[in-house]
1. Could you figure out which of (1) at pLDDT 95 or above; (2) out of contact with any Lys or Arg (no Cβ under 6 Å at 6 or more places or on another chain) isn't true of GLN78?
2. Determine whether ALA93 is modelled with pLDDT of 90 or more and farther than 19 Å from LEU130 by Cα.
3. In the stretch 103-129, how many residues are more than 14 Å from ALA65 (Cβ to Cβ), among the aliphatic types (A, V, I, L, M) and surrounded by 15 or more Cβ atoms within 10 Å (Cβ to Cβ)?
4. Considering (1) in contact with a Lys or Arg (Cβ under 6 Å, 6 or more places away or on another chain); (2) modelled with pLDDT of 90 or more, say which one CYS38 fails and leave the rest.
5. For residues in the stretch 39-54 being farther than 16 Å from VAL83 by Cα and of a type in the set (Gly, Ala, Ser), which is surrounded by the fewest Cβ atoms within 10 Å (Cβ to Cβ)?
6. Filtering the stretch 99-113 down to residues that are of a type in the set (A, V, I, L, M, F, W, C) and free of Cβ contacts under 8 Å to residues at least 60 places away in the same chain, which residue is farthest from ARG56 (Cα to Cα)?
7. Need pairs with beta-carbon distance below 8 Å; first residue basic (Lys, Arg) and within the stretch 26-45, second surrounded by fewer than 17 Cβ atoms within 10 Å (Cβ to Cβ) and part of a loop (DSSP other than H, G, I, E, B); sequence gap 6+ or separate chains.
8. If I ask for residues that are of a type in the set (A, V, I, L, M, F, W, C) and buried (at least 23 other Cβ atoms within 10 Å of the Cβ), which ones from the stretch 84-97 would you list?
Amino acid sequence: MRPCAVAVRIIWLMISKRARRAAPETAPCRITVCRGCCCGDPRKVPGVDHAGQTARLRAAVGDAAQVRASECLDVCDQANVMVVQPSAAGRAAGGRPVWLGLVNDDDALADIAAWVRSGGPGLADPPGVLDLYEFTASRRVGKALEG
């Protein structure tokens, strides 16, 4: 390849990468559901249909969020843990991930789903009852999820 063609190719790749990075502006909220050692374990949290909980949450949020299961998030004393991460627009508006613990009933799932459908962190205030579930994760734990 001629040097000029190489330069054009490099510039095209840079623009292409920049465009791909810019595309997540429409990325929806993301909900991470811990299903590691304690969360999702009927011995730790009896009486909860853990697999069903994740399926019900996915159905309740629809296209407003991606719901994914994760290995242990290392806050076992708060089982069942969920982290609601803002959409791209929510992050641009100042929203940050919200850690919720002891999410063991369908009423809490309904409140989380309603909040996310209305915009989630940075765009909508959570229902007041979610204050009872919110906690602050250590920096180490929070960084691991962000990465």
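1. (1)
2. Details: modelled with pLDDT of 90 or more: yes; farther than 19 Å from LEU130 by Cα: yes.
Yes.
3. So the answer is 2.
4. Failing condition for CYS38: (2).
5. GLY47
6. Within the stretch 99-113, the first condition is being of a type in the set (A, V, I, L, M, F, W, C), and the residues that meet it are 99-100, 102-103, 108-110, 112-113.
Going one step further and asking which of them are free of Cβ contacts under 8 Å to residues at least 60 places away in the same chain, we end up with 99-100, 102-103, 108-110, 113.
Numbers: TRP99: 19, LEU100: 17, LEU102: 17, VAL103: 13, ALA108: 12, LEU109: 8, ALA110: 9, ALA113: 10 Å.
So the residue we want is TRP99.
7. Qualifying pairs under 8 Å: ARG35/GLU71.
8. VAL84
The values are calculated or read from the model by the stated rules, or taken from the named source; none is laboratory data. Computed from a predicted model, the values in this text were never measured in an experiment. Positions of Cβ are generated from backbone atoms using ideal geometry, with glycine treated the same way; all protein chains shown enter the neighbour counts.
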